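First up is the structure itself, then whatever we jot down about it.
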Amino acid sequence: MPSTTRRNRRRDTPPPRTGSSESEVLRGFLNYLRTSIAAKVDGAPEPQVRTAAVPSGTNLLGLLNHLTFVERSMFLGDGVTDWQATFQAAPADSVADVVARYRDVVKRANDVLEGCTDLGAPVPRPRPDHPAPSIRWALTHMIEETGRHAGHADILRELIDGTTGR
């Protein structure tokens, strides 16, 4: 197990103190988690970032790749036929590529959410074959999904090079 040095410790960032509306709170926490997991993956060394550290095959880069697909499906209407395959980044993709793609999708998802004022309304997405969940449900689900995988990423990154914190 790698030793943790002062250099590998990041200062923890406390949860956001967002506005008073339900939408501001939900979006604030989701953005906090999005930033946390992207930072956890950003700069992780090859090939360890792709190496499974647990029997399930979960790896750090695959987690962020998966979340990119979840964001695209939930907020942009993209279909996914094989969710398990989303847990592996393409061999040609660098860490920087996957992080940049995730941040781009987050920006696009936030652009969609900017126009959503009623949390009870369905997520606006062009998928007539699948009914859209409410914006409230989608935000809550994404907080759960991103938070769960951010926790996995915390452990995987610490196993790779001892980096801890947000």
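The values are calculated or read from the model by the stated rules, or taken from the named source; none is laboratory data. All figures in this text were calculated on a predicted structure; none of them were measured in a lab. Cβ coordinates were reconstructed from backbone atoms using ideal geometry, including for glycine residues, and neighbour counts include every protein chain displayed. Protein only, heavy atoms only, side chains kept; ligands, DNA and RNA dropped before computing areas. Shrake-Rupley method; radii C 1.70, N 1.55, O 1.52, S 1.80 Å.
What about D82, is it open to solvent by 70 Å² or more (accessible area, probe 1.4 Å), assigned to a loop (DSSP other than H, G, I, E, B) and closer than 26 Å to L26 by Cα? The answer is no for D82. Within region 55-64, the set of residues being open to solvent by 10 Å² or more (accessible area, probe 1.4 Å) and either closer than 30 Å to R27 by Cα or in contact (Cβ under 8 Å) with a residue 40 or more places away in the chain (or both) comprises just one member, T58. Cβ separations smaller than 6 Å between residues 6+ apart or across chains give the following pairs from region 20-35 residues that are farther than 15 Å from S134 by Cβ to residues that are open to solvent by 30 Å² or more (accessible area, probe 1.4 Å) and of a type in the set (S, T, Y): E24/T18; V25/T18; G28/T18. Which residue pairs have Cβ atoms under 6 Å apart, sit 6 or more places apart or on different chains, and have a first residue in region 69-90 that is farther than 18 Å from I143 by Cα and a second that is outside any loop (DSSP other than H, G, I, E, B) and open to solvent by 50 Å² or more (accessible area, probe 1.4 Å)? So the pair list comes out as D78/R72; V80/F69; T86/F69. Taking every residue in region 120-140 that is among the hydroxyl-bearing types (S, T, Y) and assigned to a helix (DSSP H, G or I) and pairing it with any residue that is modelled with pLDDT of 85 or more and open to solvent by less than 50 Å² (accessible area, probe 1.4 Å), at least 6 positions away or on another chain, the pairs with Cβ-Cβ distances below 7 Å are T140/L26.
Taking region 91-119, which residues are outside any helix (DSSP H, G or I), at pLDDT below 95 and either under 21 Å from the mean Cα position of the chain (by Cα) or closer than 16 Å to E71 by Cβ (or both)? Across region 91-119, the qualifying residue is only C116. Of the listed requirements (1) over 12 Å from the mean Cα position of the chain (by Cα); (2) farther than 22 Å from R27 by Cβ; (3) open to solvent by 30 Å² or more (accessible area, probe 1.4 Å), L156 misses just one: (3).
The set of residues from region 53-72 being modelled with pLDDT under 95 and of a type in the set (G, A, S) comprises A53, S56, G57.
Number of residues in region 91-112 that are touching a residue at least 60 places away in the same chain (Cβ under 8 Å) and surrounded by fewer than 19 Cβ atoms within 10 Å (Cβ to Cβ) equals 2.
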